[in-house]
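The values are calculated or read from the model by the stated rules, or taken from the named source; none is laboratory data. Keep in mind that what you see is a predicted model, and the values were worked out from it rather than measured. Reconstructed Cβ throughout: ideal geometry from the backbone, glycine too, with neighbour counts over all protein chains shown. Remember, those area values only see protein heavy atoms, side chains included, never the ligands or the DNA or RNA. Shrake-Rupley method; radii C 1.70, N 1.55, O 1.52, S 1.80 Å.
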Amino acid sequence: MGQEISLKIEALAFELGFSQVAWAPLEKNSQAAKRFKQWLEASYQGEMSYLERGLEKREDPEKILPGAKSILCLSWGYSKKKQLKGKIESPFISRYAWQEDYHLILQKKLNLLQKQLEQYFPQAQFRSYVDTGQVMEKHWASQAGLGWIGKHSNLIHPKQGSYFFLASILTDLPSDSLAGPVSDHCGNCQACIDICPTRAIVAPYMVDARLCISYLTIELKGPIPRELRPQIGAHVFGCDDCQEVCPWNRKAKLPLDFLRSASVEELHFYLKLDAQAFKKYFKELPMLRPKRRGFLRNVCVVLGNLKKRESVPLLIQALQDEEALIRGHAVWALGQYADLEIQKELEKTLQKETDLWVREEICQILKK
């Protein structure tokens, strides 16, 4: 691939709104693939069994695209809220989640970029991904020079921080436009490790997803472990704590605006949504991923942690929800209030409740 064509492709990517564009050569059995395999062997993936599939493709990109030689790595920036100070006292939803699901946004743009590539190179093959498939996106992006992988395991760019998404296009074309990797600039800093509420960053560059609040509030399908619920704090969906404290994010100037956060009143509104209304309200937003039962499970935990008296009537109402997962976490939330009337309400609920796990949650609170 000539330098002129490479520059044209990069210019088109910038026109589409991507904030960084760079090429990297593909290789087999990368160190990143070996580390990923070790991560899986430690069971740090939790219930994300889909990450276990296709390990051979992560080790050898040619098993994804025969003859693959290089990868076009792209980033799409989103902005952060004002730096948070101390403990979060209001409900928190991760920065990225307040706009259309980034998979939908970026895949459309990647499709346009891939069509242009196919016009330039009709004999070549291309395969595009947005955080999907068995592609080591962060590794290849770091090899392309889009940043380095920080101790919190996110990619960090010296000017754009870590608030960006990654996308990539594999091709059987070689590229002579290679910037090369960026060296690690984390140094002795371990702010991200120290801030993590659940100590999910078990070692520099190593995250145990089973403890990560993003995993617990998005990927975990069942109950949040009781011992971790207090550490959830006000996090309703995802967690950006490790990014908030990163020095490289302090002055990051990024192109898109993802600035909204939730209020207690909004959480009350969410708790009233039935299945149909929930899907309609959160249409094309990432909050659909854990489904209504998972999202409202999180809402209950946060309302329990915030201990706002005005939340009690709605939590009592949630004891009648059709989803046991919601009922059980509403029980736990009510248990955070030292209130005799609430105990009486739970006693009545225990007499009617048929789900064994929910009954266990009630007995835990009533100490039966």
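For the range 257-269, check the following and say yes or no: at least one residue is among the polar types (S, T, N, Q), closer than 16 Å to Ile93 by Cβ and at pLDDT below 95. Checked the range 257-269: at least one residue is among the polar types (S, T, N, Q), closer than 16 Å to Ile93 by Cβ and at pLDDT below 95. Here Ser311 clears all of (1) modelled with pLDDT of 95 or more; (2) more than 30 Å from Met48 (Cα to Cα); (3) over 28 Å from the mean Cα position of the chain (by Cα) except the condition numbered (3). If you go through the range 316-344 and keep only what is closer than 19 Å to Glu266 by Cα and in contact (Cβ under 8 Å) with a residue 40 or more places away in the chain, you end up with Gln317, Ala318, His329.
Counting only strands (runs of 3 or more DSSP E) wholly contained in the range 104-208, the ones carrying 3 or more residues that are over 20 Å from Ser19 (Cα atoms) occupy 201-203. Taking every residue in the range 272-294 that is small (Gly, Ala, Ser) and pairing it with any residue that is surrounded by fewer than 16 Cβ atoms within 10 Å (Cβ to Cβ), at least 6 positions away or on another chain, the pairs with Cβ-Cβ distances below 7 Å are Gly294/Lys221.
For the range 35-53, the criterion of being in contact with an Asp or Glu (Cβ under 9 Å, 6 or more places away or on another chain) and charged (D, E, K, R) is met by at least one residue. Candidates Gly86, Gly54: the one that is modelled with pLDDT under 90 and closer than 15 Å to Glu137 by Cβ is Gly54.
For the range 315-368, a tally of residues being at pLDDT 95 or above, within 22 Å of Ala234 (Cβ to Cβ) and surrounded by fewer than 13 Cβ atoms within 10 Å (Cβ to Cβ) returns 1. Restricting the range 89-116 to residues that are open to solvent by 50 Å² or more (accessible area, probe 1.4 Å) and closer than 17 Å to Ile232 by Cα, the residue that is modelled with the lowest pLDDT is Glu89. When the range 308-326 is filtered for residues that are farther than 21 Å from Thr217 by Cα and of a type in the set (Val, Ile, Thr), the ones remaining, listed by number, are Val312, Ile316. Scan the range 39-58 for residues that are more than 21 Å from the chain's Cα centre (by Cα) and surrounded by fewer than 11 Cβ atoms within 10 Å (Cβ to Cβ) and jot them down. Listed by number, the list holds a single entry, Glu41.
Taking the criterion of being open to solvent by less than 30 Å² (accessible area, probe 1.4 Å), farther than 30 Å from Gln123 by Cβ and of a type in the set (Gly, Ala, Ser), the residues of the range 161-200 that qualify are Gly161, Ser162, Ala200.
Starting from residues that are under 27 Å from Arg58 (Cβ atoms) and either without any contact (Cβ under 8 Å) to a residue 24 or more places away in the chain or among the hydrophobic types (A, V, I, L, M, F, W, C) (or both), keep the ones in the range 1-15 and report whichever is most open to solvent (accessible area, probe 1.4 Å).
Filtering the range 1-15 for residues under 27 Å from Arg58 (Cβ atoms) gives 1, 6, 9-10, 13.
Now narrow it down to the ones that are either without any contact (Cβ under 8 Å) to a residue 24 or more places away in the chain or among the hydrophobic types (A, V, I, L, M, F, W, C) (or both): 1, 9, 13.
Values: Met1: 38, Ile9: 3, Ala13: 0 Å².
This residue is Met1.
Here Ser30 meets the list (1) open to solvent by less than 40 Å² (accessible area, probe 1.4 Å); (2) modelled with pLDDT of 90 or more almost entirely, failing just condition (2).
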